[in-house]
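In what follows, a structure is listed as structure tokens, so that the remarks can point back to it.
The values are calculated or read from the model by the stated rules, or taken from the named source; none is laboratory data. Treat the numbers as computed from the prediction; the structure is a model and nothing was measured. Here the Cβ is made from the backbone with ideal geometry for all residues, glycine too, and neighbour counts use every protein chain on show.
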């Protein structure tokens, strides 16, 4: 599979394929979609609210469970706030659903989930999507703004927040940024918003 990093390949492909049976509109749409999905991004840290965390033994079990993930560098547990602060290994792809599952595996639930990500020159808005390590990150209920630097993303879904919070976002969780590409349909989609 070819990953397009910028529009130059799209222009080149359009010039070559224009004589073929593929229409120019299809090529332009595909290039637009791929340029929107390809961004420069790196997750740095995450903050996970762990519901039911009441004692140091609970904290230790949760920390041990999270440290099993190969992309986690460090876990700091705070019993006062019930927050696990995760630091990710530099350059390692991060799977947020695996983090939430490790909290559940330790016997607790996730009450909230945010992550700091470095984005380089990205214009985000409602229903903007980008690809990161085989997953689609879909912004919902997000006002238009340009980001260069660290942004805090709130993850939305049953596995990332309590039921009351989830109800606020449920209606906005649609797949409007999915394309006709079979690979994208099989990809994990994370719904997110800016904190």
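If you go through region 127-147 and keep only what is without any contact (Cβ under 8 Å) to a residue 24 or more places away in the chain and surrounded by 19 or more Cβ atoms within 10 Å (Cβ to Cβ), you end up with nothing. Restricting 122, 94, 110 to residues that are more than 15 Å from the chain's Cα centre (by Cα) and in contact (Cβ under 8 Å) with a residue 40 or more places away in the chain narrows the list to 110. Yes or no: residue 75 in a strand (DSSP E or B), under 20 Å from residue 172 (Cβ atoms) and assigned by TED's automatic domain parsing to the domain that holds residue 51? No: the conditions fail for residue 75. The residue list 124, 110, 104 contains one member that is under 20 Å from residue 54 (Cα atoms), crowded, with 18+ Cβ neighbours inside 10 Å and in the same structural domain as residue 71 (by TED's automatic domain parsing), which is 110.
Residues in region 128-153 that are within 13 Å of the chain's Cα centre (by Cα) and in a loop (DSSP other than H, G, I, E, B): 4 in all.
For region 78-91, the set of residues classified as free of Cβ contacts under 8 Å to residues at least 40 places away in the same chain and not in a loop (DSSP other than H, G, I, E, B) consists of 78, 83, 84, listed by residue number. Taken over region 148-164, the residue count meeting the criterion of being farther than 18 Å from residue 95 by Cβ and either touching a helix residue (DSSP H, G or I) at 6+ places or on another chain (Cβ under 6 Å) or in contact (Cβ under 8 Å) with a residue 40 or more places away in the chain (or both) is 4.
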